[in-house]
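Structure first, then comments.
The values are calculated or read from the model by the stated rules, or taken from the named source; none is laboratory data. Computed from a predicted structure; not experimentally measured. Here Cβ is always computed from backbone atoms with ideal geometry, including for glycine, and neighbour counts include all displayed protein chains.
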Amino acid sequence: MAPPAQLPLRQLTKNGPKIPSIGLGLMGISVGYGAATSDEERLKLLDRAWELGCTNWDTADIYGDSEDVVGKWFKLHPERRQDIFLATKFGLRDVPIEKTVEALKQLVDEGKVKYLGLSEISSTTLRRAHATHPISAVQVEYNPWTLDIEGPSGTNLLKACEELDVAVFAYSPLGRGILTGRFRSVDDFEATDTRRNLTRFQGDNFKKNLTIVDQFNELAKNRGFTSSQLVLAWILEQSPNMFVIPGTKNVKYLEENVGAAKVTLSKEENQDLRKLAVEAGVVGGRDPFFGCFADTAPLEK
């Protein structure tokens, strides 16, 4: 049985499947953003995502018990497994990417994996991988205050993806929550929240970085949408290869994020929002822990 609702679809590469352009990141249900909720609440979140047609899910083996929760949900609803486009990942930075992709290619040939993707890699590593086996997607941080993939600081990764017909999955599209407008200081985060340790959320940096938040929020109010919805809609406008995978532990915010599908932007609005993003003057960099366009060891010849 298919989900009762369907979100707008985009094609994953020219020969790939059509999947929802708005997905669900599943790191936060287990780690990173304070205490995890109960299994009951997390399973309810996945239930609601399926009902809304938000069936493009992302997880990883380092996301606490996120994969386990997804597995429990599949066990409860085996008939829904075919509806879910599921991405997971692991890291082997010390291994030449060619060897990793060659091993994964065997899984594709065996029918155990359908598509291959990479996360937080440089355009050089992407090209090396793609030469070994077609890469369908790259997951990377991208939002109005993190535009690195558009230029040299992000190794021109967006351009490389478009050139190679590789989809871009924007994680943290809401700037780790700041672009929702719900957080005004580090004290708004739980004691175990990762954001307390990120430079963009510390001291005066946080106050200065709220400028773009307030600007997006004002424009969203004028349109009758939330800031989150406006941001997600804007990101999707930046490339036909773009998908967004915002995460949340709360059904209310899941429904809000999915509501971004109803937002349409004129050419002028798109340009105005880009001007805000480019001129934001965000203070504080990205944490190296998150990869930051990593390269792997060279392949010995």
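A few points about this structure:
- Matching residues, region 264-293, being in contact (Cβ under 8 Å) with a residue 60 or more places away in the chain, more than 17 Å from the chain's Cα centre (by Cα) and not in a helix (DSSP H, G or I): Ala280, Gly281, Val282, Val283, Gly284, Gly285
- Under the condition of being more than 14 Å from the chain's Cα centre (by Cα), of a type in the set (Ser, Thr, Tyr), buried (at least 20 other Cβ atoms within 10 Å of the Cβ) and part of a loop (DSSP other than H, G, I, E, B), the residues counted in region 223-263 number 1.
- In summary, Arg176 fulfils each of the numbered conditions (1) of a type in the set (Lys, Arg); (2) out of contact with any Phe, Trp or Tyr (no Cβ under 6 Å at 6 or more places or on another chain); (3) over 18 Å from Thr146 (Cβ atoms) with the single exception of condition (3).
- Yes/no for Asp61 being exposed (fewer than 13 other Cβ atoms within 10 Å of the Cβ), over 22 Å from the mean Cα position of the chain (by Cα), assigned to a loop (DSSP other than H, G, I, E, B) and modelled with pLDDT under 95: no
- Of the strands (runs of 3 or more DSSP E) lying entirely inside region 87-191, those containing at least 1 residues that are within 21 Å of the chain's Cα centre (by Cα) and of a type in the set (Val, Ile, Thr) are 137-141, 167-171.
- Taken over region 44-55, the residue count meeting the criterion of being closer than 19 Å to Gly71 by Cβ and either touching a Cys at 6+ places or on another chain (Cβ under 9 Å) or buried (at least 16 other Cβ atoms within 10 Å of the Cβ) (or both) is 7.
- Single match in Val213, Val251, Val263 (criterion: in contact with a Lys or Arg (Cβ under 7 Å, 6 or more places away or on another chain), within 30 Å of Thr37 (Cβ to Cβ) and of a type in the set (A, V, I, L, M)): Val251
- Condition met for Leu86 (touching a residue at least 24 places away in the same chain (Cβ under 8 Å) and under 18 Å from Lys114 (Cα atoms)): yes
- Within region 250-301, being in contact with an Asp or Glu (Cβ under 8 Å, 6 or more places away or on another chain) and over 24 Å from Leu9 (Cα atoms) holds for Val283, Arg286, Phe290, Gly291, Cys292, Phe293, Ala294, Thr296, Ala297, Leu299.
- Scope region 75-101; condition within 30 Å of Pro4 (Cβ to Cβ) and either among the basic types (Lys, Arg) or exposed (fewer than 15 other Cβ atoms within 10 Å of the Cβ) (or both); matching residues: Lys75, Leu76, Pro78, Glu79, Arg80, Arg81, Gln82, Asp83, Lys89
- Matching residues, region 175-222, being of a type in the set (D, E, K, R), surrounded by 16 or more Cβ atoms within 10 Å (Cβ to Cβ) and more than 20 Å from Ala260 (Cα to Cα): Asp193, Arg195, Arg200
- Of all residues in region 34-58, those being in a loop (DSSP other than H, G, I, E, B) and either under 27 Å from Lys262 (Cβ atoms) or touching a residue at least 12 places away in the same chain (Cβ under 8 Å) (or both) number 8.
- Checking each residue in region 6-18 for being in a loop (DSSP other than H, G, I, E, B) and either modelled with pLDDT under 90 or loosely packed, with under 12 Cβ neighbours inside 10 Å (or both) picks out Lys14, Asn15.
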